[in-house]
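Coordinate-derived values only; no laboratory data. Just so it is clear, the model here is predicted, and its values are computed rather than measured. Here the Cβ is made from the backbone with ideal geometry for all residues, glycine too, and neighbour counts use every protein chain on show.
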């Protein structure tokens, strides 16, 4: 490939619209050379510019291990949560917004209990 690219060649190289590239030139967001009315891009400069705009990726497995490393007894906490939830559902009791435990109508002999 040539050392200098015109707008059409750069458009093909980056798979970007020429109008987008012209806007980037106007706002000086991309490295370019101007020779009178001609605009040229040095491929080496463009490649460096591209690398400077690379987004970092996250290793999900590594990040998950870091998160769980700081949490102790996670399985135990989840097990207790499930156990307490099952107990509350099978007893058909819940805490009202006031914080008081309310007995369901099925425990009082009715058949319209809370689920």
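Before moving on, here are some points about what is shown:
- Fewest-first sequence of 41, 35, 4 by Cβ atoms within 10 Å of each Cβ: 35, 4, 41
- Exposure proxy for 14, 50, 21: other Cβ atoms within 10 Å of each Cβ, ordered fewest to most, give 50, 14, 21.
- Listed from fewest to most Cβ neighbours within 10 Å, the set 25, 89, 60 follows the order 60, 89, 25.
- Between residue 81 and residue 24, the distance separating the two model label sites (each 7 Å from Cα on the Cα→Cβ line) works out to 4.5 nm.
- Enclosing the Cα atoms of segment 4-52 in their convex hull gives a volume equal to 69 cubic angstrom per residue.
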